[in-house]
Amino acid sequence: MENFAQDRYKLLTQHFKKYTITKSELAKEVLGVSLSTVNRYMAMGTGVPQWKKLGSEEHSRVVFDLLDVALFLDTDKVKVA
(Lines give C-alpha, C1' and ligand atoms only; values in the text may rest on other atoms or scores of the structure.)
Protein backbone atom coordinates (compact mmCIF):
# COMPACT_ATOMS: atom_id res chain seq x y z
CA MET A 1 0.00 0.00 0.00
CA GLU A 2 1.39 3.38 -0.98
CA ASN A 3 1.83 6.24 1.48
CA PHE A 4 -1.24 8.10 0.19
CA ALA A 5 -3.47 5.08 0.75
CA GLN A 6 -1.94 4.49 4.18
CA ASP A 7 -2.55 8.11 5.15
CA ARG A 8 -6.10 7.95 3.80
CA TYR A 9 -6.78 4.74 5.75
CA LYS A 10 -5.47 6.32 8.95
CA LEU A 11 -7.68 9.38 8.46
CA LEU A 12 -10.74 7.27 7.69
CA THR A 13 -10.31 5.05 10.76
CA GLN A 14 -9.78 8.10 12.97
CA HIS A 15 -12.88 9.79 11.55
CA PHE A 16 -15.24 6.81 11.71
CA LYS A 17 -13.67 5.13 14.80
CA LYS A 18 -14.37 1.72 13.26
CA TYR A 19 -13.08 -0.41 10.39
CA THR A 20 -16.16 -0.76 8.21
CA ILE A 21 -18.76 1.74 7.03
CA THR A 22 -22.28 1.49 5.63
CA LYS A 23 -23.49 2.41 2.16
CA SER A 24 -24.96 5.66 3.42
CA GLU A 25 -21.69 6.62 5.16
CA LEU A 26 -19.76 5.86 1.98
CA ALA A 27 -22.19 7.91 -0.09
CA LYS A 28 -22.53 10.96 2.13
CA GLU A 29 -19.21 11.23 3.96
CA VAL A 30 -16.68 9.72 1.58
CA LEU A 31 -17.87 10.03 -2.02
CA GLY A 32 -20.22 12.98 -1.67
CA VAL A 33 -22.97 11.36 -3.72
CA SER A 34 -26.49 10.16 -3.00
CA LEU A 35 -27.30 6.71 -1.68
CA SER A 36 -29.15 5.94 -4.93
CA THR A 37 -25.95 6.71 -6.86
CA VAL A 38 -24.01 4.21 -4.74
CA ASN A 39 -26.77 1.63 -5.28
CA ARG A 40 -26.62 2.25 -9.04
CA TYR A 41 -22.81 1.93 -9.07
CA MET A 42 -23.05 -1.31 -7.14
CA ALA A 43 -25.58 -2.69 -9.62
CA MET A 44 -23.24 -1.73 -12.49
CA GLY A 45 -20.27 -3.25 -10.65
CA THR A 46 -18.15 -0.12 -10.91
CA GLY A 47 -17.52 3.19 -9.15
CA VAL A 48 -17.41 1.87 -5.58
CA PRO A 49 -14.92 -0.15 -3.53
CA GLN A 50 -15.39 -3.85 -2.86
CA TRP A 51 -18.19 -4.52 -0.39
CA LYS A 52 -19.29 -7.30 1.90
CA LYS A 53 -22.91 -8.39 2.23
CA LEU A 54 -23.73 -9.50 5.78
CA GLY A 55 -26.25 -12.24 5.18
CA SER A 56 -27.90 -13.95 2.25
CA GLU A 57 -31.25 -12.15 2.17
CA GLU A 58 -32.06 -9.62 -0.55
CA HIS A 59 -32.00 -6.69 1.88
CA SER A 60 -29.03 -7.83 3.98
CA ARG A 61 -26.73 -5.12 5.28
CA VAL A 62 -23.77 -4.11 3.10
CA VAL A 63 -20.51 -2.76 4.54
CA PHE A 64 -17.29 -1.43 3.09
CA ASP A 65 -13.93 -2.17 4.72
CA LEU A 66 -12.05 1.11 5.19
CA LEU A 67 -8.87 -0.44 3.82
CA ASP A 68 -10.72 -1.21 0.57
CA VAL A 69 -12.12 2.34 0.57
CA ALA A 70 -8.64 3.86 1.01
CA LEU A 71 -7.18 1.71 -1.78
CA PHE A 72 -10.13 2.54 -4.04
CA LEU A 73 -9.69 6.26 -3.47
CA ASP A 74 -5.98 5.94 -4.19
CA THR A 75 -6.32 3.97 -7.44
CA ASP A 76 -9.71 4.68 -9.03
CA LYS A 77 -9.99 8.15 -10.49
CA VAL A 78 -13.38 9.16 -11.85
CA LYS A 79 -13.54 11.47 -14.87
CA VAL A 80 -16.09 14.24 -14.73
CA ALA A 81 -17.32 16.22 -17.70
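The values are calculated or read from the model by the stated rules, or taken from the named source; none is laboratory data. Keep in mind the model is a prediction, meaning the values are calculated, not measured. Cβ: placed from backbone, ideal geometry, glycine included. Neighbour counts: every protein chain shown.
Numbers for the structure displayed
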item	result
Residue in the stretch 2-17 that is outside any loop (DSSP other than H, G, I, E, B), of a type in the set (D, E), out of contact with any strand residue (DSSP E or B) (no Cβ under 6 Å at 6 or more places or on another chain) and surrounded by 14 or more Cβ atoms within 10 Å (Cβ to Cβ) present	no
Lone qualifier among Q14, Q6 - being touching a residue at least 40 places away in the same chain (Cβ under 8 Å), among the polar types (S, T, N, Q) and out of contact with any Phe, Trp or Tyr (no Cβ under 9 Å at 6 or more places or on another chain)	Q6
Only listed residue being over 12 Å from the mean Cα position of the chain (by Cα) and charged (D, E, K, R), chosen from K28, K18, K23, K52	K18
Output for the stretch 39-62, where each listed residue is of a type in the set (A, V, I, L, M), over 18 Å from L73 (Cβ atoms) and not in a strand (DSSP E or B)	A43, M44
Unmet requirement for S36, which otherwise passes all of (1) among the hydroxyl-bearing types (S, T, Y); (2) modelled with pLDDT of 95 or more; (3) surrounded by 11 or more Cβ atoms within 10 Å (Cβ to Cβ)	(3)
Count of residues meeting criterion [out of contact with any strand residue (DSSP E or B) (no Cβ under 9 Å at 6 or more places or on another chain) and basic (K, R)] in the stretch 36-72	1
Qualifying residue in the stretch 26-38 (condition: hydroxyl-bearing (S, T, Y), touching a residue at least 40 places away in the same chain (Cβ under 8 Å) and part of a helix (DSSP H, G or I))	no
Of all residues making up the stretch 26-41, the number that are under 17 Å from L71 (Cβ atoms) and not β-branched (V, I, T)	3
Residue match in the stretch 41-53 (condition: in contact (Cβ under 8 Å) with a residue 12 or more places away in the chain and small (G, A, S))	yes
